[in-house]
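A.B. asks: Quick one: the structure is below, questions incoming.
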Amino acid sequence: MSIKGKAYLAGIYEHPTRHAPDKSTSQLHAEVAKGALEDAGLSKADIDGYFCAGDAPGGVMAMVDYLGLKVRHFDSTDTGGCSYLVHLGHAAEAIAAGKCSIALITLAGKPRTGAMPPRATGAEVDFEAAYGATTHNVYGMCAMRHMHEFGTTSEQLAWIKVAASHHAQYNPHAMLKEVVTVEDVLNSPMISDPLHRMDCCVVTDGGGALIVTTEAIAKSLKKPLVRMIGHGEALKGPRGGKDLNLTYSAGVWSGPRAFEEAGVTPKDIKYASIYDSFTITVLMQLEDLGFCKKGEGGKFVADGNLISGVGKLPFNTDGGGLCSNHPVNRGGMTKIIEAVRQLRGEAHPKVQVPNCDLAVAHGTGGLLGVRHAASTCILERV
Amino acid sequence: MDNPVKYPTPQGNPETKHFWDQAVEGKLLIKRCTACGEAHYFPRAICPFCFSDKTVWEESSGEGEIYTFSLMRKSATGPYAIGYVTLKEGPSLLTNFVDCDQTKLKIGQKVKVVFKTTDGPPLPFFTPV
Ligand SMILES: [Zn+2]
């Protein structure tokens, strides 16, 4: 059985806030759920499936009670920032299998207002916790090795931020709206070698939500039809330290699974939402998904190739996590939302891709240089 | 060299107790599977490659080379260099590079283990040879 064409993205909502000291995290979840329902033209009583991850206070039991939902299917898979891409795939499976017909997926939180709880640990804790793995330095380790093996440069990485900033200037909600240059990125302070401050995404409060439903229900609603045609997910870690290779991610497995199910190739993609926790994340994902060969990501992203209207592969036209929004330090949700906007033709006119009928939303979660997940969703306008 | 950083105390468990007992003796242990011959780190009772339970402790030379690293320029305890070392015996492990000029680290550089104290058993770190 395949999910191809079985599930439709009927509702999307990105919270406009980037700083929410006066709201609770549960409240933000409710606000984004309400926003997505209104976008879809549905009501809360219609929801019969609910998906949330580690950012949801108290988990799925507390959230379903708080929101006042009555669901017959739920999933609280947590794979960090790509959880919502995983949820979208799982929601499509549940809808294809008849386990639910209208699924709600929410993300919300306030890392800009206050510190986040520590990351969950496993059997590795005694052997790794002392070494201070943070997002910055483990992505830095990936970038360092990528540069060593393939000659990737800081200038090439900087082009990814430059492209994101070109898009963010048109997003009134973007946290950083200023267009930056390669020199600006290189001149920003070094955070963890070789990543500069401008190689890093923003930290924002906020959230987002999705409504996923059946073909019949989607067709009864008013929004342009956008459906899932392929999904892949995968996990990668050091696996006992054998043949360690930090130059590729689990995207090398999730991507081909999704493209195969969809029956399309990277060449067919008109728009790409790629989780941009750091510039290196985008570069590695583009290689891993097959937009270019491994090691050639630096050349691929240079000279504005990711800028809408300029390059061959418009990416993150909302400004992405690098410039616009990165709610709860988890970028998967906003990747899906901007991909749906592009497919509906609802992106900002300055960044809307003409006749955008096929898009990919992809992300990694966890720590790329240590243990992480990847999830790839192929979306199509019907 | 004195290290101003206070490292977390390894809690240990029945599966890893021998590793920490030997760390007290200044020895870095890895596990090797006698069924498939592969070594791994951190230690597991059951081989992560072939799933055999015939895994045995082996003392590592404590020597290896830097696979990658990143110098975190600022933290509550000052700059520190995280990285992976590939041991002579094969497995790679996450660590910090200490007792050195952290701005001079290079991929491929030869390093050796050095233990740092905690409130419990000491923790393995690496320093350039
Ligand atoms: Zn084995």
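The values are calculated or read from the model by the stated rules, or taken from the named source; none is laboratory data. From a predicted model like this one, the values you see are computed outputs, not experimental measurements. Neighbour counts are summed over all protein chains in view; Cβ atoms, including those assigned to glycine, are modelled from backbone coordinates with ideal geometry. Quick note on the areas: whole protein, heavy atoms, side chains included, nothing else; ligands and nucleic acids left out. Shrake-Rupley method; radii C 1.70, N 1.55, O 1.52, S 1.80 Å.
A.B. asks: Got a sec? What order do A:Lys335, A:Lys270 fall in by accessible area at 1.4 Å, biggest, i.e. largest, first?
C.D. replies: Largest accessible area first, the list is A:Lys270, A:Lys335.
A.B. asks: Based on the Cβ-Cβ distance from B:Cys100 to B:Thr77, what FRET efficiency comes out when R0 is 25 Å, to the nearest 0.05?
C.D. replies: 0.90
A.B. asks: Give me the residues in the stretch B:45-84 whose solvent-accessible area, probe 1.4 Å, is reduced by at least 40 Å² once all protein chains are included instead of the chain isolated.
C.D. replies: B:Phe49, B:Tyr67, B:Thr68, B:Phe69, B:Ser70, B:Met72, B:Arg73, B:Tyr80, B:Ile82, B:Tyr84
A.B. asks: Accessible area, 1.4 Å probe, largest first: how do A:Trp253, B:Trp20, A:Trp159 sort?
C.D. replies: A:Trp253, A:Trp159, B:Trp20
A.B. asks: Any chance you could tell me what percent of the C-alpha pair distances in the stretch A:1-82 go past 14 Å?
C.D. replies: Summing the P(r) of the stretch A:1-82 above 14 Å gives 69 percent of all pairs.
A.B. asks: Moving on to the next point. P(r) for the protein assembly as shown, please, calculated from all Cα pair distances in 20 Å bins and given in %.
C.D. replies: 24, 53, 23, 1
A.B. asks: Separate question: Restricting things to alpha carbons, tell me how big the stretch A:98-215 is in terms of Rg and Dmax, in Å.
C.D. replies: Cα radius of gyration and Dmax of the stretch A:98-215 are 18.6, 54 Å respectively.
A.B. asks: Ok, one more. Could you state the angle between the C-alpha long axis of helix A:332-344 and the longest principal axis of the C-alpha atoms of chain A, as a value from 0 to 90 degrees rounded to the nearest 10?
C.D. replies: 70
A.B. asks: Quick one: pull the percent of accessible area on the protein assembly as shown belonging to carbon and sulfur, 1.4 Å probe, ligands and nucleic acids left out.
C.D. replies: Of the solvent-accessible surface of the protein assembly as shown, carbon and sulfur hold 53 percent.
A.B. asks: Okay, next question. So for the stretch B:1-75, if I pair up every lysine 8 or more residues apart or on another chain, how many of those pairs have alpha-carbons under 17 Å apart?
C.D. replies: So the count of such lysine pairs works out to 4.
A.B. asks: Please give, to one decimal in nm, the separation of the simple spin-label points placed at A:Ala123 and A:Gln169, each 7 Å out from Cα toward the Cβ.
C.D. replies: 5.2
A.B. asks: Before rounding to the nearest 500, sum -39500 (n - 2.57) across all DSSP H runs of length at least 4 in the protein assembly as shown and divide by the residue total; then give [θ] at 222 nm in deg cm²/dmol.
C.D. replies: -8000 deg cm²/dmol
A.B. asks: Expressed as an acute angle from 0 to 90° and rounded to the nearest 10, what is the orientation of the C-alpha long axis of helix A:154-168 relative to the principal long axis of chain A?
C.D. replies: Result, in degrees: 30.
A.B. asks: May I ask for the equivalent-ellipsoid semi-axes of the stretch A:263-366, computed as the square root of five times each C-alpha gyration tensor eigenvalue and listed largest first in whole Å?
C.D. replies: 18, 17, 13
A.B. asks: Distance between the C-alpha centers of the stretch A:1-60 and the stretch A:118-197? Whole Å please.
C.D. replies: If we compute the Cα centre of each part, the gap is 28 Å.
A.B. asks: Something else: If I take the Cα coordinates of the stretch B:7-86 and project them onto the principal axes, what are the three extents in Å, biggest first?
C.D. replies: 44, 26, 21
A.B. asks: Still on this structure, please answer the following. Using Cα positions and a limit of under 22 Å, work out the lysines in reach of A:Lys335, with same-chain residues fewer than 8 apart set aside.
C.D. replies: Answer for A:Lys335, where 22 Å is the Cα cut-off: A:Lys4, A:Lys6, A:Lys34, A:Lys110, A:Lys161, A:Lys177, A:Lys223, A:Lys236, A:Lys267, A:Lys270, A:Lys312, A:Lys350, listed by chain and number.
A.B. asks: Continuing with this model, one more query. Between chains B and A, what is the buried accessible area in Å², counting both sides, with a 1.4 Å probe and ligands, DNA and RNA left out, to the nearest 100?
C.D. replies: Heavy-atom accessible area buried at this interface is about 3000 Å².
A.B. asks: What FRET efficiency comes out for A:Asp303 versus B:Cys50 if R0 is 60 angstrom and r is the Cβ-Cβ distance? Round to the nearest 0.05.
C.D. replies: About 0.80, to the nearest 0.05.
A.B. asks: Next up: For chain A, what's the relative contact order in percent, using C-alpha pairs closer than 8 Å and at least 6 residues apart?
C.D. replies: 26
A.B. asks: Please state, as a whole number in µm²/s, the translational diffusion coefficient that the Stokes-Einstein equation yields for the stretch A:307-382 at 37 °C and 0.692 mPa s, with Rh defined as the Kirkwood radius across alpha carbon pairs.
C.D. replies: 250
A.B. asks: Please identify the cysteines of the protein assembly as shown that lack any partner cysteine with a Cβ under 4.7 Å from their own Cβ.
C.D. replies: A:Cys52, A:Cys82, A:Cys100, A:Cys142, A:Cys200, A:Cys201, A:Cys292, A:Cys323, A:Cys356, A:Cys377, B:Cys100
A.B. asks: I want to make sure I understand the PRE zone here: with the label point 7 angstrom from the Cα of A:Thr113 toward its beta carbon, which residues in the stretch A:197-217 have backbone N atoms less than 16 Å away?
C.D. replies: Answer for this model: A:203-208.
A.B. asks: What do you get for Rg/Rh over the stretch B:35-129 if you use C-alpha atoms and the Kirkwood form of Rh?
C.D. replies: Value, to two decimals: 1.02.
A.B. asks: Quote the convex hull volume per residue of the stretch A:191-330, based on C-alpha atoms, as a whole number of Å³.
C.D. replies: Cα-based convex hull of the stretch A:191-330, divided per residue, equals 160 Å³.
A.B. asks: In whole Å, what are the Cα extents of the stretch A:163-272 along the three principal axes, biggest one first?
C.D. replies: Largest to smallest, the principal-axis extents are 53, 47, 30 Å.
A.B. asks: Shape verdict for the stretch A:41-176, please, from the Cα gyration tensor: rounded (a/c under 1.5), prolate (a/b greater than b/c) or oblate.
C.D. replies: prolate
A.B. asks: What angle, in degrees between 0 and 90 and rounded to the nearest 10, separates the Cα long axis of helix A:135-150 from the longest principal axis of the Cα atoms of chain A?
C.D. replies: The answer is roughly 60 degrees.
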